[in-house]
Amino acid sequence: MQAAERVILTGASGGLGFAVLMTALRRGAQLVVCILRSEAAWAKVKAELPADTLGRVTVRFADLTSDAQVQALHGRLPQPDAPTLAVHCAAEVSWTKSSRLVVPLNVGGACRFADLILADCRQHTKFAFVSTAYADDGETPRNAYEASKCEAEHRLVDEYGKRLNLRVVRPSLIVGDSRSGHILRHHGIYPLLRLIALAEVPCLIAEDTSRIDIVPVDAVANELLDVESWRPTTTIAAGERALSVGEFVRMVQDLRDDWRRRRDCVALPQISVINRRQYDFLMHAAGSWGLSEQFAKVQAIASIMDGYVRHGETGRPLRPKAMIRPPIAPSALLPVVFKAWADRQGARLADAPSPTWRAPAKEVRRVDVG
Ligand SMILES: NC(=O)c1ccc[n+]([C@@H]2O[C@H](COP(=O)([O-])OP(=O)(O)OC[C@H]3O[C@@H](n4cnc5c(N)ncnc54)[C@H](OP(=O)(O)O)[C@@H]3O)[C@@H](O)[C@H]2O)c1
């Protein structure tokens, strides 16, 4: 695959952006211009970069929610004549924040970056926008983050599509590298992985057979940098190879047990996957067991994950168009990703206490509501 000479990249201090930076350098980019919002972010990126690549990376600072700061970059991007690929990874990725907090970056930031690229790149420039596989025009967005991604896709296509060589890349849930398991930040599915591994709740509300779709960060980075096979919209997802919720939970617990056994740690309890009907039934009993606090957390998690881990009547499966499937199957990817994550947790995972819900949870598993 041919590499762009110059890459202008936002979000390089984030999970995906850093993988894009490393992949661009590995694939021979002559210059990567990182647009970051702080010295602290740049220090973090620099600390992770191999010394022999530093000469090919430069930084410009701007908060992408600020018109003035992005305006100040106009005319200050190096090598404006070089064939350029712009990759927009910066985003507010929280699934729980309101529109007021996510739109200024996820929609406004995307448009400001597109304006900058249009104004400052003299050669015909390719512009890759990272959206999400869960942005679906035909459906109501699950949260403000998803709505903002849909809106940004529309704004970019409608307002910049004729002037920029635009493509939209839509990954499902991004996890670590397919070989090393490494990713700079643990977002997306990682909070759920942690919750299962540390047995933080007695159960998850989900249909056991619903899918959790994960893709390795290197597959997404490679796709974003692929300037040869330039498609307007691509979804990167495991599709029908995605693990079911039940498989995901059981695999994480087995991997956790194995990781802890090797360190002579006591076994942590298994958590249950129960569906909405079983959950509602349990709620009647939970009050008398004094478990309402733990179940409040279960409920909160269910509403955040709702739709990603499909359950109840409100969920829906991923129906991607123009899909690319990474070569590694999720069942082979998860052990690599888990090991890298667990090794980063270190003492936190080794010293995880047996949860307070442990004894009553046996009751939870015995409940049969048919
Ligand atoms: N993670 C997933 O599972 C997933 C799945 C599908 C799609 N995506 C998409 O992939 C992209 C990257 O996600 P990620 O998980 O890598 O996110 P991330 O780790 O949270 O990284 C976000 C990046 O955006 C930067 N940023 C935040 N606010 C900014 C601002 N106001 N101005 C400039 N930069 C700002 C952050 O910089 P700081 O270091 O300063 O915070 C960081 O570099 C996003 O577009 C996301 O929607 C992610």
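The values are calculated or read from the model by the stated rules, or taken from the named source; none is laboratory data. Since the model is a prediction, treat every value here as computed from it, not as a measurement. In this analysis, Cβ positions are derived from the backbone assuming ideal geometry, glycine residues included, and neighbour counts consider all displayed protein chains.
Values computed for the structure shown
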{"item": "Region 72-83: number of residues that are of a type outside the set (S, T, N, Q) and under 10 Å from residue 121 (Cβ atoms)", "result": "5"}
{"item": "Matching residues, region 14-43, being crowded, with 18+ Cβ neighbours inside 10 Å and more than 18 Å from the chain's Cα centre (by Cα)", "result": "24, 25, 29, 31, 32, 33, 34, 35, 36, 37, 41, 42"}
{"item": "Flag for residue 312 being modelled with pLDDT under 75 and either assigned to a loop (DSSP other than H, G, I, E, B) or touching an Asp or Glu at 6+ places or on another chain (Cβ under 8 Å) (or both)", "result": "yes"}
{"item": "Selected residue [at pLDDT 95 or above and closer than 20 Å to residue 124 by Cα] from 62, 47, 4, 86", "result": "86"}
{"item": "Selected residue [within 13 Å of the ligand (Cβ to nearest atom), of a type in the set (Gly, Ala, Ser) and outside any strand (DSSP E or B)] from 40, 29, 4, 24", "result": "40"}
{"item": "Test: residue 76 is touching a strand residue (DSSP E or B) at 6+ places or on another chain (Cβ under 7 Å), more than 12 Å from the ligand (Cβ to nearest atom), basic (Lys, Arg) and at pLDDT below 95", "result": "yes"}
{"item": "Residue in region 5-27 that is without any contact (Cβ under 8 Å) to a residue 12 or more places away in the chain, polar (S, T, N, Q) and outside the structural domain of residue 190 (by TED's automatic domain parsing) present", "result": "no"}
{"item": "Among residues of region 56-73, those that are in a loop (DSSP other than H, G, I, E, B), away from the ligand (no atom under 11 Å from the Cβ) and closer than 15 Å to residue 9 by Cα, counted", "result": "1"}
{"item": "In region 71-101, residue nearest to residue 166 (Cα to Cα) [restricted to those that are surrounded by fewer than 24 Cβ atoms within 10 Å (Cβ to Cβ), touching a residue at least 40 places away in the same chain (Cβ under 8 Å) and of a type in the set (A, V, I, L, M)]", "result": "82"}
{"item": "Filter result for residue 52 (more than 16 Å from the ligand (Cβ to nearest atom), acidic (Asp, Glu) and either surrounded by fewer than 18 Cβ atoms within 10 Å (Cβ to Cβ) or closer than 27 Å to residue 187 by Cα (or both))", "result": "yes"}
{"item": "Residues (assigned to a loop (DSSP other than H, G, I, E, B), at pLDDT below 85 and not hydrophobic (A, V, I, L, M, F, W, C)) located in region 345-359", "result": "353, 354, 355, 356"}
{"item": "Strands (runs of 3 or more DSSP E) contained entirely in region 128-208, each with at least 2 residues that are within 13 Å of the ligand (Cβ to nearest atom)", "result": "165-171, 173-175"}
{"item": "Flag for residue 196 being touching a residue at least 40 places away in the same chain (Cβ under 8 Å) and under 24 Å from residue 20 (Cα atoms)", "result": "no"}
{"item": "Residue that is modelled with the lowest pLDDT [pool: residues in region 90-123 that are near the ligand (Cβ under 9 Å from one of its atoms) and part of a loop (DSSP other than H, G, I, E, B)]", "result": "94"}
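Residues checked against (1) surrounded by fewer than 19 Cβ atoms within 10 Å (Cβ to Cβ); (2) farther than 23 Å from residue 134 by Cα; (3) touching a Lys or Arg at 6+ places or on another chain (Cβ under 9 Å):
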site	(1), (2), (3)
237	no, no, yes
244	yes, no, yes
247	yes, no, no
265	yes, yes, no
270	yes, yes, yes
279	no, yes, no
